[in-house]
Structures are given as structure tokens and as C-alpha cells.
Amino acid sequence: MIGELSRQGVSGIAATPHFYANQSSPEHFLAKRKTAWDQLRPHLLAETPEIRLGAEIQYFEGLHRYCGLEQFCIEGTKLLLIEMPQCTWTTRMVSTILEVSTREDIVVLLAHIERYLPYRNERSIKAFRERGVLMQASTSFFLTRRWTAMRMLRKGQIHLLGTDAHNMDTRRPNLEQALDTIYRKRGTLLLQKMAEREVMLLDEAKNNLG
Ligand SMILES: [Fe+2]
């Protein structure tokens, strides 16, 4: 997958393995992630894109009170990738995310926004956006539901893209095709904006560290 992304011209990868709070403790997850990283590192080529470790946290009750939540942010950034349930969100779910979004050290990024659209979550999503929650869409959204994806991107309802790549068969990295679609739909400026946002999010953390 890394090789394929590299071929597609990617210069940086955020590796975001799933974290399920009901299945493992943060310590166990981070140790397992480190082991996997240590195993992978010796096999990386010099020209391999920069890889930052992160996580995709599945929503759970009490997430906002969870100790050490910041450890799950994508390395060197404040971005916390959260996966919401595929249902109409309850008031509690919404307030939990809004609570996390008030933290100075965390910027909430909702994973694959397109998956929540069939469940009448528009109002909640709007409330999230107004509070600075960022929305990520999968690259496949731009291949399967081109029109809706482009409309949302134009309206500023999609802030970042994610490949949601899991393997080289059924869920391959397909950033190249998605970017191609956006270019062909005259979205060059939108892509530029997204790239600038990405740089800013990376710098934000750097500035804070400095
Ligand atoms: Fe996910």
C-alpha cells in the first residue's frame, strides 16, 4: 500500500489503525502499534513517503472524559480521527463530540463523512462544522457518488480526503483517481485549498511544540 501511494505521488501518509475502546486499552493499542511500526520500518525504502502514526477511534460513550485521548492524535498534529456510528446520532453523541472539540490540544476530524449522510445527521454535522470540527471524506466517495462529493467539496463541507485503504484488493489506495475526478470537474482551486489546509494543520502542531 505504501509503494502504491508512493507511485501515486503521495509525500506523506497518516497511518490510522482502528482503536476500539471496548477491545483494548490505550497502552495495549499503542504498544501493538509500536511493534507493527518497528517491524515495518526496516523495510521502508529511502524514497518512501513520510509516515505519521495515528489512530481511527471508534466513538464510544464517555469518549470526552477518556484519559490520554491526545495520544491518539496523528503524530505532530492535533488531529484526532473519530469514526461515528452509522445511525441517526443521539444528543449525547453530538454533545460528546462537541465537548472534545472544545479542547485546545485536539482538533476533531470525523472520518468518512459520506457514511453518515443516509441517517439524517445534517443538523449535527452543521453544528460540528460551526464548532471547528473537520470533515474527512473517503476518496472512493469521489468515484462512486461524484456529483454529491463535488457539491459538498464546493460548499466547504469536506475539509480533507482519506483513502480509507485497508489492503491491495478490495480497499486499495485510490487517491490518484479521486484527485483526477476533482481536476476534471474543475476543482483545481479546491485541491489547492485542501493542500494549504493540510500544511496549516501540520504547522499548527509544530508552532505549538516550538
Ligand atoms: Fe472507519
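Taking into account only those residues within the stretch 84-117 that are under 20 Å from THR163 (Cα atoms) and part of a helix (DSSP H, G or I), which is most open to solvent (accessible area, probe 1.4 Å)?
ARG115
What pairs come up if the first residue lies in the stretch 1-18 and is farther than 22 Å from LEU109 by Cα, the second is assigned to a strand (DSSP E or B), and their beta carbons are under 7 Å apart, counting only those six or more places apart or on different chains?
These pairs meet every condition: ILE2/ILE13.
Just to be sure I understand, how many residues within the stretch 34-56 are touching a Ser or Thr at 6+ places or on another chain (Cβ under 9 Å) and at pLDDT 95 or above?
Adding up the residues that qualify gives 5.
Output the number of the condition that TYR66 fails; it satisfies all remaining conditions of (1) open to solvent by 10 Å² or more (accessible area, probe 1.4 Å); (2) of a type outside the set (D, E, K, R); (3) within 16 Å of the ligand (Cβ to nearest atom).
Among (1) open to solvent by 10 Å² or more (accessible area, probe 1.4 Å); (2) of a type outside the set (D, E, K, R); (3) within 16 Å of the ligand (Cβ to nearest atom), TYR66 violates only (3).
Mind listing whichever residues of the stretch 175-189 are of a type in the set (Asp, Glu) and without any contact (Cβ under 8 Å) to a residue 60 or more places away in the chain?
Within the stretch 175-189, ASP180 is the sole residue that qualifies.
I'd like the residue in the stretch 134-153 that is surrounded by fewer than 18 Cβ atoms within 10 Å (Cβ to Cβ) and polar (S, T, N, Q) and, out of all such residues, is farthest from GLU4 (Cα to Cα).
Within the stretch 134-153, the match that is farthest from GLU4 (Cα to Cα) is THR148.
Taking the stated definitions as given, is GLU114 away from the ligand (no atom under 16 Å from the Cβ) and out of contact with any Leu (no Cβ under 8 Å at 6 or more places or on another chain)? Steps first, please.
Numbers: away from the ligand (no atom under 16 Å from the Cβ): no; out of contact with any Leu (no Cβ under 8 Å at 6 or more places or on another chain): yes.
When the stated conditions are applied, GLU114 does not pass them.
Condition first: among the hydrophobic types (A, V, I, L, M, F, W, C), in a helix (DSSP H, G or I), surrounded by 12 or more Cβ atoms within 10 Å (Cβ to Cβ) and out of contact with any Phe, Trp or Tyr (no Cβ under 8 Å at 6 or more places or on another chain). Now tell me which residues in the stretch 154-197 satisfy that.
LEU175, LEU179, LEU190, MET194
Filter the stretch 46-59 down to residues that are free of Cβ contacts under 8 Å to residues at least 40 places away in the same chain and open to solvent by 10 Å² or more (accessible area, probe 1.4 Å) and give me whichever is nearest to the ligand (Cβ to nearest atom). Break it down stepwise before answering.
So in the stretch 46-59, the residues free of Cβ contacts under 8 Å to residues at least 40 places away in the same chain come out as 46, 50, 53, 55, 57, 59.
Adding the requirement that they be open to solvent by 10 Å² or more (accessible area, probe 1.4 Å) leaves 46, 50, 53, 59.
On the way: ALA46: 31, GLU50: 22, LEU53: 16, TYR59: 11 Å.
By that ranking, first place goes to TYR59.
Spot the failing condition for LYS32; the list is (1) open to solvent by less than 70 Å² (accessible area, probe 1.4 Å); (2) not in a loop (DSSP other than H, G, I, E, B), and only one is missed.
Among (1) open to solvent by less than 70 Å² (accessible area, probe 1.4 Å); (2) not in a loop (DSSP other than H, G, I, E, B), the lone unmet condition for LYS32 is (1).
The values are calculated or read from the model by the stated rules, or taken from the named source; none is laboratory data. Just so it is clear, the structure is predicted and the values come from calculations on it, not from any experiment. Please note: Cβ atoms are built from the backbone with ideal geometry, for glycine as well, and neighbour counts cover all protein chains shown. The accessibility values were calculated without ligands, DNA or RNA, using every heavy atom of the protein model including side chains. Shrake-Rupley method; radii C 1.70, N 1.55, O 1.52, S 1.80 Å.
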